[in-house]
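Just so it is clear, none of the values below were taken in a lab; they were calculated from the coordinates. None of the values given here were measured: they were computed from a predicted structure. Cβ coordinates were reconstructed from backbone atoms using ideal geometry, including for glycine residues, and neighbour counts include every protein chain displayed.
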């Protein structure tokens, strides 16, 4: 894929996004590059997308994937969202990015902008998922029996295997010491577990 040439400000903007280890706001980009207004940054981001140098994460407008020669980067930076407890007392997955973790893009079987990470806590999903493991999720709201998912249930974020039984959704642990339980009214899938990085 032949990409169109860049203006000087577009080169600077790409370099800024490459070097940043966190998600930048439009105003922070404006300040760092000393341009006249945020609308200038927005216009250049749009042009970089059209030229094939940048891909915006549709689930997070502040998150950009930098493309090289029209293909995804060898290294993908996935957003880490706090802790998901493998038990009954998890934390909200509220969109606040705790960190950005680099992983080899070829380890993902899906576009990296659909990926995210949570850090497991507890032993209810052992031996597959253990305390401190990074769990790779792919954003999805699909509910399918037999899938291991990162989900919200009763105001908590959990990692569980789901089973649909008539009108109920049952949440299972892989560790048989923990009994299954019926999902609450606020249950929703955040993403499907697609990989584990053991600590």
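Using the alpha-carbon atoms, what tilt in degrees (0 to 90, nearest 10) does helix 38-51 show relative to the longest principal axis of the chain?
That helix lies at roughly 80 degrees to the long axis.
Give me D for region 8-66 in µm² s⁻¹, whole number, from Stokes-Einstein with Rh from the Kirkwood sum over alpha-carbon pairs, 37 °C and 0.692 mPa s.
D, rounded to a whole number, is 288 µm²/s.
To test your reading of the geometry: what angle, between 0 and 90 degrees and rounded to tens, separates the Cα axis of helix 8-19 from the longest principal axis of the chain?
The angle comes out at about 30 degrees.
222 nm [θ] for the chain, helices only, -39500 (n - 2.57) per DSSP H run of 4+, per residue, to 500?
Theoretical 222 nm ellipticity from helices: -5000 deg cm²/dmol.
If you wrap the chain's Cα atoms in a convex hull and average its projection over all directions, what's the area in nm²?
Mean projected area for the chain: 12.5 nm², to one decimal.
Could you tell me how far the Cα centroid of region 1-58 sits from the Cα centroid of region 99-127, in Å?
Centre-to-centre (Cα) distance: 26 Å.
Which FRET efficiency value, to the nearest 0.05, do you get for residue 56 and residue 96 by plugging their Cβ-Cβ distance into 1/(1 + (r/R0)^6) with R0 = 22 Å?
Using R0 = 22 Å, I get an efficiency of 0.65.
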